[in-house]
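*Asks:* Submitted below is the structure of interest, expressed as structure tokens.
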Amino acid sequence: MSLVRTDYEHIAIRDSVPIIAGTTIKVVELVTEKIAYGWSPEELHFQHPYLTLGQIYSALAYYWDHAEELNQDIERRLKHVEHIRRTIKPPFLIAQLKSRGARGFSESGSVSPILKVGL
């Protein structure tokens, strides 16, 4: 694994993927949480207390300077997850719950957005 430093103090590139230096957290993972949950940098810090606010702000700055490239990566990852959801058999527990009349599961076995809120 090659690790390349960047002009961003807390960001390194490992195998062509921007990460927060000294961690295994990918910039795209932190950004996805910000987008999905609307979390502020302070909330991201609360959720990831092992990251400093400096690391979080650096990751967000890197994202905004490379938004097109990282948005494409996010889209690619979401398509991959959707492909997996469509092609795998639903887990045993979900199949059992559906057979007993539980609601909120899609045909692919994934949990509906309504149920995701409580997860």
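Just so it is clear, none of the values below were taken in a lab; they were calculated from the coordinates. Not measured: the values here are computed from a predicted model. Counting neighbours? That spans all protein chains shown, and the Cβs are built from the backbone with ideal geometry, glycine included.
*Asks:* Kindly write out, for the stretch 18-29 in residue order, the coupling ³J(HN,Hα) from the Karplus curve 6.51 cos²θ - 1.76 cosθ + 1.60 (θ = phi - 60°), rounded to whole Hz, with x marking Gly and Pro.
*Replies:* Listing the rounded values in order: x, 10, 7, 3, x, 9, 10, 6, 7, 4, 4, 5 Hz.
*Asks:* If r is the Cβ-Cβ distance from His80 to Leu53 and R0 is 30 Å, what FRET efficiency results, to the nearest 0.05? Walk me through the numbers on the way to the answer.
*Replies:* Values: r = 31 Å, r/R0 = 1.03.
For R0 = 30 Å, the calculated efficiency reads 0.45.
*Asks:* So, one more: How many nm separate the modelled label positions at Thr24 and Leu97, each set 7 Å beyond the Cα in the direction of the Cβ?
*Replies:* About 2.7 nm, to one decimal.
*Asks:* Hey, another quick one. How do the peptides 43-49, 19-25 rank, highest first, by the average count of neighbouring beta carbon atoms within 10 Å per residue?
*Replies:* On the way: 43-49: 14.4, 19-25: 16.4.
Ranked by mean Cβ neighbours within 10 Å, highest first: 19-25, 43-49.
*Asks:* May I pose another question? Residue by residue through the stretch 57-69, what is 3J(HN,Hα) from phi via Karplus (6.51 cos²θ - 1.76 cosθ + 1.60, θ = phi - 60°)? Round to whole Hz and write x for glycine and proline.
*Replies:* 5, 5, 4, 5, 5, 4, 4, 5, 7, 10, 4, 4, 5
*Asks:* Something else about it: Sort 27-37, 88-98 by the packing proxy (mean of other Cβ within 10 Å over each peptide's residues), most packed first.
*Replies:* On the way: 27-37: 17.3, 88-98: 12.5.
For the peptides 27-37, 88-98, the packing ranking is 27-37, 88-98.
*Asks:* Quote the FRET efficiency, to the nearest 0.05, computed for Asp65 versus Glu33 with a Förster distance R0 of 25 Å and r equal to the Cβ-Cβ distance. Don't skip to the answer; put the middle values down first.
*Replies:* Values: r = 19 Å, r/R0 = 0.75.
Result of the calculation: an efficiency of 0.85.
*Asks:* Enumerate the amide H contacts of Ile11 below 5 Å, restricted to partners 5 or more residues apart or on another chain; note that Pro and chain-start residues carry no placed amide H.
*Replies:* Thr6, Ala21
*Asks:* Taking θ as phi - 60°, what are the ³J(HN,Hα) couplings along the stretch 36-48 by the Karplus curve (6.51, -1.76, 1.60), each to the nearest whole Hz, with x for Gly and Pro?
*Replies:* After applying 6.51 cos²θ - 1.76 cosθ + 1.60, I find 5, 9, x, 6, 6, x, 5, 5, 4, 5, 4, 6, 10 Hz.
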